[in-house]
Amino acid sequence: MTGARRRQGGSAVGITAWQLVWMVVTTLAIEDATVIDHFLAHVAGIDSWVSILVAAPMGLLGVWAIATLASRRRGFDLVAILRNDLGWLVYLLGPAFVLLFIADATLSSRTFVLVAKTLGEEAYVPEGAFLLLLIGTAMWGAWLGIEVVARVNTAVLWLVDVPLGIFLAALGTNHESLVRLLPILANGWGPIWDMAMFMLGKTGEFVVILVYATAVEVPAKLTRASLWGFCLLIVMALGHSVGPALTFGQSVSDVTWPSYSQIRAIEFGRFLQNLAVTAVIFWIHGFWLETTLFLDAAARTTAKVLGMRSHRKLLLVLGPVVFGLVYLIPTEAQALSERRLLDTWGFLILGLVVPILLLVISVLRGRASRTATPSRRGTPLIR
Amino acid sequence: MSRKRRGCLAVVLCLLALAPILAGCWNKYETNELLIPDGFGFDWHNGKYYAIASLYNTRAAMTPGGGAGGSAGQSSVVPETFHLTGHGTDPGQALTDMNHVSTRHILWAPSLIVLIGQAAAQHGIGAILDTLTHEPWFRPTIAVMIVHGTVRALLDTRQSGPETSVSRSLKLLEQTTHFDESAAWAPRLFDVYRIDADQGRSLLLPAFRLTGDAYPKGPPFAISDSAVLLNDRLVAWLPRSQVRMVLWMTGRFVRSTFAITCGGGAGSVDVDHASARVLPVIAGGQLKAMDVTLTARASLIKPCGTHDITTLQEAAAAAVDTEASSTIAWVKDHGYDVLGFGTDVYRASPSVWARVGQNWPGALATLPVDLRVQLTLATVGLTKS
């Protein structure tokens, strides 16, 4: 675990750039293995990998813009940048970001329940129990501070997720065939562009980096870490889209959760099977982290917009709000529809376009490399 | 990190580690509350689906001397295996009805085979497979097989010998079909779906038939001609002798022995490595022919009349050529594309497929197939007669 540096007294001062990036990468990776996969397979079918390659350069540019903004505007977080560069518009964009983060936390909680239901036996456990565990631990994690969340994430990611993921990928289904990727672009470029825009919007989740920018010890490392993290995500996305296509061929577009179905199809030597239950480890970790991160981001952004000194009490309000909102999206179809809408437009505009505009404004005003002189209301919240 | 925070970190990690228990598996049931199916299937009769499962009785294992496999002289009222049945107008309804027959929980996870009766297959296997794939308890690695007659009749058979139950015999046959290319190929549930989505392709499924004249210690049923399905319905039976060339041409060949004749004698070779290259010949936007190249490496089992390697190789290649030509002729005559030529055309050129695919059985009947066999006799054995 890459630990946070310490003050002389022994207390931690923040998180490293890599810890922050790993959190974003983990949240996107779990979505990649569930909802992203779902949309890619349903819309672009066996050509989904082309969508990823089309979206990758644009996404790389967007991530570079977000990370550059975060690393060059030292001492500023998202709200501080909005307040300094856009003035009163912070009262418009700030709440918009809060709603975006709450919506993401809600949808990640709902998606967790949906995918957990595919395990079958879970049906005997009330849905509320899952949500209570997920959102409760998310609130608690956010209450303890982003440093604790980052450490938990890094530990689980490298000690559990990565070894297990490599193990499952190495096993394969023993039924893959490259020929199933043919013909390429049989349905034209329409679905490809459609999904490329969706993927690009998904990249907008990197905007959460701006919320925690002031908690990062060495912001200068954010750009490099973010770009590497994004490249890793592209590789994972390609694996998650190509793998099921190699196994299921064109019928992959009829599969609800392609990556999960591929894990279910694993059979090694006719004796190593039934590995689907291991997916729950990824789900719990990934969706817990996503809920925690965006719930915390919503609370922090709200606190900053309202000029509150601490965001903790807001967690006690926003947590139950997320819990209640989940019940407004009861079905799989609704959740997936909302997810696509949120990612394609919400994160694309607020998560990608707005940061790029902010970077352009910063550069034009010649403020990009200046250090902030924080006002009382703009004081970053570091925990 | 302070000590307090380290404690919090440990607690959060522990909670996350405990969380999977909520999602999991079978901890709700004790072993003796479970029924473990090994073979199950569906029949169709008088407009209704019938679900039937052969189940291991876990209580039998806990009863002293219990189970059909107990030693002579001991008897028990607790059978080692028994059947549950249910019926309904829909496969899901039949399955639910069957589940409700027993108070015990059926643990579907170890299921290896789903059998589909002849009438049900003729009615269409789509509804059955849709039901199974939407049930989270069933695995996509379950093998799908057809039964001549009814599943009920097959599961009702009893035999003595080392294999003490029908379900175990089925498991043995399932393994046979998986590893022995000469018998058939047991496609997994996801294979069936994938193939069904292929262009113009007919699905091939292995089938069982009750034999009635089995050896005393063998199961009273055997692998028979394979079932050919078109649009999820059973439409024909592919002779068992043709199956291995279908498997070879579709890339699923494992190993097989071919009889050869040369110099007035009979011999045999063992083909242990085989591959196939199937390419559509497209010129001027028209499908002209299918180019099929079969490549094999074989070992000599018994020479036929000569020890000349070249002659033996040619004889072996001729044997493969004859059988492959026969299989291609069957496909063209019947119009059921079990070889997946239509998919090959689509992958090579979707626009060409859009034209020829409209009347694929007709186009298949007149489509020239250029067959080439490249066989290498790699091992000729250690003795010389």
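List the residue ranges in chain A for DSSP H helices whose C-alpha atoms run 30 angstrom or more along the long axis and whose Kyte-Doolittle average is 1.6 or above.
Both cut-offs are met by no helix.
What ranking, highest mean first, results for peptides A:186-198, B:38-50, A:223-235, A:26-38 when packing means the other Cβ atoms within 10 Å averaged over each residue?
Ranking the peptides A:186-198, B:38-50, A:223-235, A:26-38 by packing returns A:26-38, B:38-50, A:223-235, A:186-198.
Residue-wise, which Karplus ³J(HN,Hα) couplings in Hz belong to the range B:131-143, taking 6.51 cos²θ - 1.76 cosθ + 1.60, θ = phi - 60°, and x for glycine or proline?
Karplus values, whole Hz, x for Gly and Pro: 4, 5, 6, 8, 8, x, 6, 8, 8, x, 8, 5, 8.
What percent do you get for the relative contact order of the range B:167-324 when only Cα pairs under 8 Å and 6+ apart count?
This gives 17 percent for the range B:167-324.
Report the B-A buried area as the accessible area lost on both sides summed, probe 1.4 Å, in Å² to the nearest 100.
4100
Please compute the contact order of the range B:241-385 in relative form: average sequence separation of alpha-carbon pairs under 8 Å and at least six residues apart, divided by the residue count, as a percent.
29
Most fluctuating residue of A:D343, A:D254, A:D104 in a GNM of chain A with Cα springs under 10 Å: which is it?
A:D254
Aspartates and glutamates within cross-link reach of A:K202: Cα-Cα under 17 Å, excluding same-chain residues under 8 positions apart?
Filter leaves A:E31, A:D32, A:D37, A:D104, A:D194, A:E290, A:E338, A:D343.
With the cut-off at 29 Å, tell me which of the pairs A:K221/A:K313; B:K171/B:K332; B:K48/B:K171; A:K117/A:K221 have Cα atoms farther apart than that.
A:K221/A:K313; B:K171/B:K332; A:K117/A:K221
Express in whole angstrom the spacing between the alpha-carbon centres of the range B:242-286 and the range B:343-381.
Between the Cα centre of the range B:242-286 and that of the range B:343-381, the gap is 14 Å.
Taking the dipole about the Cα centre of the protein assembly as shown, with the C-beta of Lys and Arg at +1 and of Asp and Glu at -1, give me whichever of B:G362, B:V192, A:T256 is farthest to the positive side.
A:T256
Calculate for the protein assembly as shown the 222 nm mean residue ellipticity that helices alone would give, adding -39,500 (n - 2.57) per DSSP H run of length 4 or more and normalising by residue count, nearest 500 deg cm²/dmol.
Mean residue ellipticity, 222 nm, calculated: -15500 deg cm²/dmol.
Could you tally the net charge around B:L371, taking each other residue with its Cβ under 10 Å from the Cβ of B:L371, Lys/Arg +1 and Asp/Glu -1?
Result for the neighbourhood of B:L371: -2.
Using only alpha carbons, build the gyration tensor for the range B:241-385 and give me the equivalent ellipsoid semi-axes, biggest first, whole Å.
Equivalent ellipsoid of the range B:241-385: 34, 13, 12 Å, largest first.
State the percentage of accessible surface on the range B:241-385 attributable to carbon and sulfur atoms; use a 1.4 Å probe and exclude ligands, DNA and RNA. Mind dumping the intermediate values first?
On the way: 3380 of 6630 Å².
Of the solvent-accessible surface of the range B:241-385, carbon and sulfur hold 51 percent.
Grab the other residues whose beta carbon is less than 14 angstrom from that of A:S241, score K and R as +1, D and E as -1, and report the net. Working shown, then result.
Values: positive: A:R180, A:K202; negative: A:E31, A:D32, A:D37, A:D47, A:E176.
Around A:S241, the surrounding residues sum to -3.
In debye, nearest 20: dipole of the range B:333-385 around its Cα centre with unit charges on the Cβ of K, R (+) and D, E (-)?
That gives the range B:333-385 a dipole magnitude of about 200 debye.
Would you work out which of A:V317, A:Y327, A:L359 lies farthest towards the positive end of the dipole of the range A:267-376, given +1 charges on the beta-carbon of Lys and Arg and -1 on that of Asp and Glu, about the Cα centre?
Ranked along the dipole, the leading option is A:L359.
Applying a 10 Å radius around every beta-carbon, put B:135-142, A:327-334, A:133-140 in order of their mean neighbour count, most first.
The most tightly packed comes first, giving A:133-140, B:135-142, A:327-334.
Could you compute how fast the protein assembly as shown diffuses translationally, taking Rh as the Kirkwood radius over C-alpha pairs and applying Stokes-Einstein at 4 °C with viscosity 1.567 mPa s? Give it in µm² per second.
For these conditions, the coefficient is 44 µm²/s.
What is the mean number of Cβ atoms from other protein chains located within 10 Å of the Cβ atom of each residue in peptide B:139-146, rounded to a whole number? Don't jump to the answer; show the numbers that get you there.
Details: counts 7, 12, 10, 0, 0, 0, 0, 0.
Whole-number average of other-chain Cβ neighbours for B:139-146 is 4.
Hey, how many Å between the Cα centroid of the range A:64-122 and the Cα centroid of the range A:230-267?
Here the answer is 27 Å between Cα centres.
What whole-number value in Å² describes the accessible area per residue of chain A for a 1.4 Å probe?
On a per-residue basis, 37 Å².
In a shell of Cβ-Cβ distance under 13 Å around B:G126, excluding B:G126 itself, what net charge do Lys and Arg (+1) and Asp and Glu (-1) give?
Details: positive: B:R233; negative: A:D254, B:D90, B:D130, B:D196, B:D232.
Its environment carries a net charge of -4.
Starting with the highest mean, order A:152-163, B:109-120, A:346-357 by the number of other Cβ atoms within 10 Å, averaged over the residues of each peptide.
Numbers: A:152-163: 17.8, B:109-120: 21.9, A:346-357: 20.1.
Averaged packing, sorted descending, gives the order B:109-120, A:346-357, A:152-163.
With a Cα-only, solvent-free Debye model of chain A, what are the log10 I(q)/I(0) values at q = 0.06, 0.10 Å⁻¹?
Listed by q, the Debye log ratios stand at -0.22, -0.62.
Do you know the relative contact order of chain A, to the nearest whole percent, from alpha carbon pairs under 8 angstrom that are 6+ apart?
With pairs under 8 Å counted, the relative contact order is 40 percent.
The values are calculated or read from the model by the stated rules, or taken from the named source; none is laboratory data. Every value quoted in this text rests on a predicted model; they were computed, and no experiment measured them. A quick note on method: Cβ atoms are made from the backbone with ideal geometry, for glycine too, and the neighbour counts reach across all protein chains shown. Note: areas computed on protein heavy atoms with side chains; ligands, DNA, RNA excluded. Shrake-Rupley method; radii C 1.70, N 1.55, O 1.52, S 1.80 Å.
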